[in-house]
């Protein structure tokens, strides 16, 4: 009989993570149901989103059992993009405030009815 190569993970791991994803989704929906507002709402939604994405990538996409080189090759580019987007938002704010400083505050055009 030919021997199969590869790893075999117990199916219970997948069921536990599947249940945990349902629990995290429930908490995410409760943020809306309980009508949280402001920074708390955004923070909780992002926290639950990142936790769910991490479990999906780690367990269901088998990233938890990969070599470090593959993890770095897959995870570093999105992190670098997020850092660059953050830097662009700060530069956009700086540019906007500099234009207001130089040109002055411009009143919006009146709406004719």
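The values are calculated or read from the model by the stated rules, or taken from the named source; none is laboratory data. Predicted model, so just to flag it, every value in this text is computed and none were measured. Counting neighbours? That spans all protein chains shown, and the Cβs are built from the backbone with ideal geometry, glycine included.
Miscellaneous remarks
Yes or no, residue by residue, for (1) exposed (fewer than 11 other Cβ atoms within 10 Å of the Cβ); (2) modelled with pLDDT of 95 or more; (3) not in a helix (DSSP H, G or I):
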| site | (1), (2), (3) |
| --- | --- |
| 4 | yes, no, yes |
| 9 | no, no, yes |
| 12 | yes, no, no |
| 19 | yes, yes, no |
| 59 | no, no, no |
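- The conditions of being free of Cβ contacts under 8 Å to residues at least 60 places away in the same chain, surrounded by 12 or more Cβ atoms within 10 Å (Cβ to Cβ) and part of a loop (DSSP other than H, G, I, E, B) are not met by residue 55.
- Flag for residue 64 being free of Cβ contacts under 8 Å to residues at least 40 places away in the same chain, over 14 Å from the mean Cα position of the chain (by Cα) and either on the phi > 0 side of the Ramachandran plot or surrounded by 12 or more Cβ atoms within 10 Å (Cβ to Cβ) (or both): yes
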